[in-house]
Amino acid sequence: MIIGLVGVGVRYGRHEVLAGVSTTLAAGDVVHLGGPNGAGKSSLLRVIAGVQRPSTGQVTGRPQVVAWLPDRFPRRQPFTVRTYLLAQAAIRGLRPDAAARTVDAQVERFLLGDMTATRLRDLSKGSAQKVGLAQALLVPPELLLLDEPWSGLDATARTAVPEVVAEVAGRGGAVVLTDHHGFSGVVPTRRWGVTDGRLDELPTAGRTSPDGSGAPDGGSVVEVRVPDAAAAAALAADLGALGYDVAVRDGSPR
Amino acid sequence: MTADGTAAPSASGTARRVAAAARYRLAATLRDRSFVAPVVTFALVEVLLFGAPGGYPADNVAAALAVGLPVATWAARVVLDVEPDDQRRLTELAAGGRSRAHLAALVAAAVVCLGLLAAGVLWGVLRNAPPPSPRPGRPLPPPQPGLPVVLLVAVVLVVAFGLAAVAVAAVASRQVAGDGPGPVVVLVGVPVLAALVGQSTSPVVSGLLPRVLPAVVAAQDRRLVATAPGLALHAAGWTALVLAAQWWWRRRR
């Protein structure tokens with residue numbers, strides 16, 4: 001178990017957002033957290049991350065390296081992209097040379113090369129989101145919490161998110177993400193729904209059937225080949241927004 | 001290095017991470033416009049106080065502390081709350097815990113407070129005028145302590161009152177005290193206000209204050225050196241009490 005929640009509740013004044021939330025996250029879990037606006041999804045992510053104390057209940061076994069992307073990356077800061085990332089890497093405990101290499105790798109990954117000298121407050125929403133993703137990955141996280149990670153991202157950058165999720169889960173970590181735009185290529189292993197302050201474990205449409213045949217629970221599978229990763233991400237986003245479960249994989253010959 | 005280009009965290013972490021978080025906060029403060037106001041205010045007050053040479057060194061130390069404490073508290077509050085809320089949370093995660101982030105914030109605030117107070121006190125000491133000649137028929141003024149003694153006392157008092165300023169700012173800040181002012185803010189704010197507007201006659205309230213005005217009175221009576229250890233001890237105890245109270249309040253919420 002990576003982390004456990006026991007009877008967690010969140011209350012703002014007299015307004016109870018979450019109540020009696022109990023669940024666990026295991027290695028390799030990729031959880032899609034859904035629910036209407038204001039249901040408490042972001043609060044739950046903050047509680048799991050450890051940046052917000054629950055009003056009731058407790059969280060056990062939080063791993064050492066936790067990364068969190070808020071739904072809106074805080075842009076109003078007096079730093080350039082590179083200065084900010086280097087400072088965050090230093091706070092993560094990286095020495096200057098390792099910090100520089102790590103920052104360079106993340107800058108390249110999220111196509112931030114032209115913006116390293118740009119001030120954070122001058123970034124667009126999508127570019128700021130990329131910086132947020134980059135800071136979350138300066139040290140490989142054991143638990144990654146993404147609040148609307150695709151918000152504002154361009155088609156090319158969207159493809160990086162499923163890769164990041166797969167990396168963290170593949171290393172034995174866990175990922176929880178919210179997304180109002182469809183899964184955009186991420187195949188969750190679990191689904192949580194937050195309604196009326198309750199957290200429910202929902203069936204996962206893409207899960208293999210109990211008879212072991214490997215076919216998804218119900219429905220049919222359509223495979224579509226597209227020319228490149230950007231087109232795949234865009235199509236996945238569109239299909240996800242229509243409510244379909246979408247998985248993106250490398251189409252090179254095996 | 002790991003396979004994906006990220007570097008694994010090094011082992012000897014805590015002190016370096018706290019130092020890095022404190023540096024980050026100081027850098028953010030120096031680049032933030034909200035820091036200009038307390039610094040300019042401090043400079044103006046210092047110019048008004050010590051623009052012309054005058055006074056004994058011990059007097060000037062006490063005066064610099066008296067006017068410097070509220071401005072230093074203001075500056076410390078700016079340092080503590082310089083980050084947007086979500087960035088504060090991100091820094092807590094990066095530092096590996098809320099306690100480390102808080103410690104880094106307090107260290108950064110202390111650096112600023114001590115720097116401001118030390119600058120003010122030093123200016124006051126260096127701008128002092130030679131003692132006036134005794135007038136015929138008037139009693140001789142009590143002997144003044146030497147400059148090294150005054151400087152030593154000034155260092156002790158700057159540290160004590162600088163930390164007290166950090167404690168007051170911490171109680172009032174979102175970073176340390178949480179998302180909204182609590183009763184601790186009120187409990188501390190009232191006596192601080194009383195300290196700013198004048199000496200309280202209530203021994204209870206007086207006991208809750210860093211004794212800035214008693215320091216001024218002691219300086220005027222030529223007793224600052226003798227009373228400095230007690231004043232510093234009181235300020236240190238008061239600081240510990242306030243920080244413990246805010247810690248308790250935060251844990252309770």
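Amide H to amide H, with H built 1.01 Å from N, A:Ile3 comes under 5 Å of A:Leu25, counting only residues 5 or more places away or on other chains. Residue exposure proxy: A:Asp104, A:Asp196, ordered by other Cβ atoms within 10 angstrom of their Cβ from fewest to most, comes out as A:Asp196, A:Asp104.
Using the Cβ-Cβ distance between B:Leu126 and B:Val39 with R0 set to 30 Å, the FRET efficiency works out to roughly 0.95.
For the segment B:80-93, counting C-beta atoms of other chains within 10 Å of every residue's C-beta and taking the mean gives 6. Rounded to the nearest 500, the helix-only mean residue ellipticity at 222 nm of chain A stands at -8500 deg cm²/dmol, with each DSSP H run of n ≥ 4 adding -39,500 (n - 2.57). In this simple spin-label approximation, A:Arg101 and B:Ala15 carry label points 7 Å from Cα along the Cα→Cβ vector, and these lie 2.5 nm apart. Over all distinct Cα-Cα pairs of the stretch A:1-87, the Kirkwood formula returns a hydrodynamic radius of 14.7 Å. Of the trypsin sites (Lys or Arg not before Pro) found in the stretch A:146-204, those in coil by DSSP whose Cβ has at most 16 other Cβ atoms within 10 Å are A:Arg171.
Using the beta-carbon distance between A:Arg119 and B:Val149 and R0 = 51 Å, what value does 1/(1 + (r/R0)^6) give for FRET efficiency, to the nearest 0.05? Using R0 = 51 Å, I get an efficiency of 0.55. Per residue of A:55-68, other chain Cβ atoms within 10 Å of the residue Cβ number 2 on average.
A convex hull fitted around the alpha carbon atoms of the stretch A:1-40 yields 67 Å³ per residue.
Per residue of B:17-24, how many C-beta atoms from partner chains lie within 10 Å of its own C-beta, taken as a mean?
On the way: counts 5, 1, 2, 10, 4, 1, 3, 8.
If you average over the peptide's residues, the count of other-chain Cβ atoms is 4.
Computed from backbone phi, the HN-Hα couplings of the stretch B:61-71 come to 4, 5, 5, 5, 5, 4, 7, x, 4, x, 5 Hz, rounded to whole numbers (Karplus: 6.51 cos²θ - 1.76 cosθ + 1.60, θ = phi - 60°; Gly and Pro given as x).
Once you charge only the Cβ atoms, +1 for Lys and Arg and -1 for Asp and Glu, what is the size of the charge dipole of chain A about its Cα centre, to the nearest 20 debye?
On the way: 27 positive and 25 negative charges, 200 e Å.
The calculated dipole for chain A is roughly 960 debye.
Against the empirical curve 2.2 N^0.38 Å, the C-alpha radius of gyration of the stretch A:121-206 lands at a ratio of 1.14. Counting only Cα atoms, chain A measures 53, 53, 29 Å along its principal axes, largest extent leading.
Computed from the alpha carbon positions, the gyration tensor of the stretch B:46-103 leads to an equivalent ellipsoid with semi-axes of 38, 12, 7 Å, biggest first.
Multiplying the sequence separation of A:Ser220 and A:Ala247 by 0.36 nm and subtracting their Cα-Cα distance, what value in nm do you get? Mind showing how you got there, number by number?
On the way: separation 27, 0.36 × 27 = 9.72 nm, distance 1.33 nm.
Full extension of this stretch gives 8.4 nm more.
Using the Karplus relation 6.51 cos²θ - 1.76 cosθ + 1.60 with θ = phi - 60°, the per-residue 3J(HN,Hα) values for the stretch B:19-35 come to 4, 5, 5, 5, 4, 4, 5, 5, 4, 5, 5, 5, 8, 9, 5, 5, 7 Hz, with x marking Gly and Pro. The phi-based Karplus calculation (6.51 cos²θ - 1.76 cosθ + 1.60; θ = phi - 60°) puts the 3J(HN,Hα) values of the stretch A:37-50 at 4, x, 6, x, 5, 5, 5, 5, 4, 5, 5, 4, 5, x Hz, whole numbers, x for Gly and Pro.
For a Förster distance of 45 Å, can you work out the FRET efficiency between the beta-carbons of B:Ala244 and A:Asp154, rounded to the nearest 0.05? Calculated value: 0.35.
Coordinate-derived values only; no laboratory data. Small disclaimer: the values here were computed from a predicted structure and weren't measured. As a convention, Cβ positions derive from the backbone with ideal geometry for all residues, glycine included, and neighbour counts pool all protein chains shown.
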